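Worksheet for the structure shown next.
What follows is calculated from the coordinates using simple rules that are stated; it is not laboratory data. Since this is a predicted model, take the numbers as computed values, not measurements. Cβ: placed from backbone, ideal geometry, glycine included. Neighbour counts: every protein chain shown.
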Amino acid sequence: MKNKKSHSLSASTPPDASELQRLNVALRQSEERFQAIFNLAAVGIAQVGLKGHWLLINQKLCDILGYTMEELKQLTVLEISHPDDVQPHLAHIRRLLKGRVDTYVMEKRYIRKGGSIVWVNLTVSLVRDPCGDPDYFIAVVEDISQRKNAVEALRDSEKHFR
């Protein structure tokens, strides 16, 4: 069987200048694609530290929560969570950290900057480092307040007619 020449980079042969330039262009394009997806998403997206601090936040999440990026980075997830939703949220986080699940989804409430409540559908995944240790969380936050308010209004209307 013949050995096929590999075109991948190896530790024994450093890349030449044109290969480095091609890799830099590819890296820049990849970063630009990531930034576009992150910043233009129709949902809130955040990178959250293991202790609940907001690390990276898109503008949509700021719009949902009513805070600026700088303000959110001074707070933790739990500080703006509705008190009734803190323990269920922490239970999900414990399951993630113990490796029982890779992702969880829950409906929960956040307290917006002005004190109003926003209902969200929260999806959280744990990212692990190369050694397999927990590194940070990725959170996707969808505002479902309109739906929740419509359901509540329907319930009230049904009660009224009974």
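Here is how the numbers come out for the structure above:
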item	result
Label point distance in nm, SER18-ARG100, each placed 7 Å from Cα along Cα→Cβ	5.7 nm
Global geometry of region 24-117, whether rounded, prolate or oblate, following the gyration tensor of its Cα atoms and the 1.5 cut on a/c	oblate
Label-point gap, in nm, between LYS113 and GLN74 - each point 7 angstrom along Cα→Cβ	1.1 nm
Inter-probe distance in nm under a simple model that places probes 7 Å from Cα toward Cβ, at VAL127 and PHE38	0.8 nm
Net length gained if the chain between ASP135 and ASP63 were fully extended (0.36 nm per residue, minus Cα distance)	23.3 nm
